[in-house]
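The values are calculated or read from the model by the stated rules, or taken from the named source; none is laboratory data. Every value quoted in this text rests on a predicted model; they were computed, and no experiment measured them. Neighbour counts run over all protein chains shown; Cβ positions are idealised from the backbone, glycine included.
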């Protein structure tokens, strides 16, 4: 009887490691329909950003004098703006810009922030104090001011936006990861590894990093949403992308607003809705990821 | 407690010094000098040099820094490079605008967030709770600048309504015009903060309402209102304070956006324009001023924990 059970378990294990993982994901999605919706919105955003420019017959910057301020029609589902540019094409091009800037800024910011936070929390001492004080000084500076200084230094453009957002992500991310590292570092299994003679590097790679990984995923998800929002806000203020570049934030200001005031609502409604829906997707996904992945919360819920 | 407060206070001049020095050197080391902007398109090298000399920009940076420090110590914050007006006067003239925006945003997000947070927790899983939570998720996701844009566009499109234009009207001069100018945009601006606060109050309240001492208070027959307000709500104060401090700290960024969208001439707009024309004295002062507010608020926040929660002790 006992042997039978063991054989059965082995069969299950050998036969279905992948489907069970997939089934696990489906189960999580079923239990968190709202999070699944968020994930779906994010996937749609990524697909739109990646393929969007190939799906539309118009150029987002192409001017058509014969079709200025046309309302939504079959030819132009989202209408055209005062220059005769197709709003749908601009919204899709804006998705690509958001996607590129968000992914790059979060990539740099979260990996950098995680590295700094883990090192700061794990080694402590002078390194920790130095990193912490620098972070606090950075946090006391209003983000917008930091960014304006950056523009003065290296000029406007996509690179500047990415660096600016990445700096905020590094500061924010390193703090959270530092405190998580402190928690993991104090746990018995790290002590056991050290007693067994494991090197610092080995402890860091095999024990600390895997245990803070869920937090990194949670941070990356919410940071990505914040980065999309930050790009739009900067372009909205006229300090983001170069004038004329299709960006959701940039299309919510200037001439479009004046035209919208006299009845051309679609000029601001569609870019604004696209932005809101994407941010909503990241928020919903981030909340659910936090519930599912954050070990501290997991303990308190069950 | 008092020793802790004094020690923290002693650090403030040091922090101010560090922030002041950092801004000063950053602004001067970076390319793009105000003389070039001031000189305009058809600028000769000699003319630019003249302007640089007049503004003391030709001197070594450290000399400029000590000169500036001397001025600040004697209460002279410099004059705007462009208008030649005293920076302090200019800031003082525009400060009430940004201050009113900040106070109103704080007031609205505080009242809305706390009220709906408590109601939502007490009436858990009621239609009101679901409604508030649904609204919270959406309210947090719609960017404030998009809402502000809609606030301008929709009334103008439907009813040809425009908010009172022109300069700032003080509340005590003309309350009605002042409120029409500020209430709608600050209400919109406060939604984000109110939603964060609401979710926080709700979750803290739910946690506290399950605790033993709340059950004890209910068991001994206290009025439900007393249990909720005196026993449960009090525990949500520290996190509320944290969020409200954060709201004030970020209010200046919000004020910049609001002033730009609504075309109101406050400190936010003044600062934004000063950055572009590289009006160094204005930028320096504003950065120092806003950074110091954040530093002081953080101190106040840490200290007030001890007043709210008797268990907190500082050494």
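Could you check residue A:78 against (1) under 20 Å from residue A:236 (Cβ atoms); (2) assigned to a helix (DSSP H, G or I) and say which number it fails?
Result: residue A:78 passes all but (2).
Give the residues of the stretch A:279-294 that are more than 9 Å from every other protein chain (Cβ to nearest Cβ) and within 21 Å of residue A:98 (Cβ to Cβ), sorted by residue number.
Within the stretch A:279-294, A:285, A:286, A:289 meet the criteria.
All but one of (1) in contact (Cβ under 8 Å) with a residue 60 or more places away in the chain; (2) in a helix (DSSP H, G or I); (3) more than 14 Å from every other protein chain (Cβ to nearest Cβ); (4) surrounded by fewer than 17 Cβ atoms within 10 Å (Cβ to Cβ) hold for residue B:135; which doesn't?
Tallying (1) in contact (Cβ under 8 Å) with a residue 60 or more places away in the chain; (2) in a helix (DSSP H, G or I); (3) more than 14 Å from every other protein chain (Cβ to nearest Cβ); (4) surrounded by fewer than 17 Cβ atoms within 10 Å (Cβ to Cβ), residue B:135 fails exactly one: (3).
Which of the helices (runs of 4 or more DSSP H) contained wholly in the stretch B:201-301 include at least 1 residues that are closer than 30 Å to residue A:254 by Cα?
Once the helices (runs of 4 or more DSSP H) in the stretch B:201-301 are filtered for at least 1 residues that are closer than 30 Å to residue A:254 by Cα, what remains is B:237-262, B:267-276.
Looking at the stretch A:82-126, which of its residues are surrounded by 22 or more Cβ atoms within 10 Å (Cβ to Cβ) and outside any helix (DSSP H, G or I)?
A:85, A:86
Pairs under 7 Å by beta carbon, first residue crowded, with 20+ Cβ neighbours inside 10 Å in the stretch B:79-97, partner part of a helix (DSSP H, G or I) and at pLDDT below 75, six or more apart or different chains?
B:81/B:34; B:81/B:38
For the stretch A:247-262, which positions are at the interface with chain B (Cβ under 8 Å from one of its Cβ atoms), assigned to a loop (DSSP other than H, G, I, E, B) and over 26 Å from residue A:39 (Cβ atoms)?
Across the stretch A:247-262, the qualifying residues are A:253, A:262.
Report, by residue number, each residue of the stretch B:252-300 that is without any contact (Cβ under 8 Å) to a residue 24 or more places away in the chain and under 13 Å from the mean Cα position of the chain (by Cα).
Listed by number, the residues that qualify are B:253, B:256.
Please determine whether any residue of the stretch A:127-144 is touching a helix residue (DSSP H, G or I) at 6+ places or on another chain (Cβ under 9 Å) and not in a helix (DSSP H, G or I).
The answer is yes, given that some residue of the stretch A:127-144 is touching a helix residue (DSSP H, G or I) at 6+ places or on another chain (Cβ under 9 Å) and not in a helix (DSSP H, G or I).
Look through B:229, B:297, B:244 and report the one residue that is surrounded by fewer than 22 Cβ atoms within 10 Å (Cβ to Cβ) and within 11 Å of chain A (Cβ to nearest Cβ).
Just one listed residue meets the conditions, B:297.
Which residues, counting only those in the stretch A:204-220, are farther than 22 Å from residue A:106 by Cα and in contact (Cβ under 8 Å) with a residue 24 or more places away in the chain?
Across the stretch A:204-220, the qualifying residue is only A:204.
Of all the residues that make up the stretch A:59-81, how many are free of Cβ contacts under 8 Å to residues at least 60 places away in the same chain and surrounded by fewer than 20 Cβ atoms within 10 Å (Cβ to Cβ)?
13
Residues are listed down the side, and each one gets a yes or a no for (1) modelled with pLDDT of 85 or more; (2) more than 9 Å from every other protein chain (Cβ to nearest Cβ); (3) part of a helix (DSSP H, G or I):
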| site | (1), (2), (3) |
| --- | --- |
| A:205 | yes, yes, yes |
| A:227 | yes, yes, yes |
| A:245 | no, yes, no |
| A:264 | no, no, no |
| A:269 | no, no, yes |
| A:276 | yes, no, yes |
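For the stretch B:276-292, which residues satisfy the criterion of being more than 14 Å from residue B:253 (Cα to Cα) and either within 11 Å of another protein chain (Cβ to nearest Cβ) or buried (at least 20 other Cβ atoms within 10 Å of the Cβ) (or both)?
Hits for the stretch B:276-292 are B:276, B:278, B:279, B:280, B:281, B:282, B:283, B:284, B:285, B:288, B:292.
Take the stretch B:139-182 and flag every residue that is surrounded by fewer than 14 Cβ atoms within 10 Å (Cβ to Cβ) and either touching a helix residue (DSSP H, G or I) at 6+ places or on another chain (Cβ under 7 Å) or within 12 Å of chain A (Cβ to nearest Cβ) (or both).
B:158, B:159, B:160, B:161, B:162, B:170
Within the group A:98, A:120, which residue is within 30 Å of residue A:267 (Cβ to Cβ) and in contact with a helix residue (DSSP H, G or I) (Cβ under 7 Å, 6 or more places away or on another chain)?
When all the criteria are applied, what remains is A:98.
If you take the residues of the stretch A:146-198 that are within 14 Å of chain B (Cβ to nearest Cβ) and assigned to a loop (DSSP other than H, G, I, E, B), which of them is modelled with the highest pLDDT?
A:156
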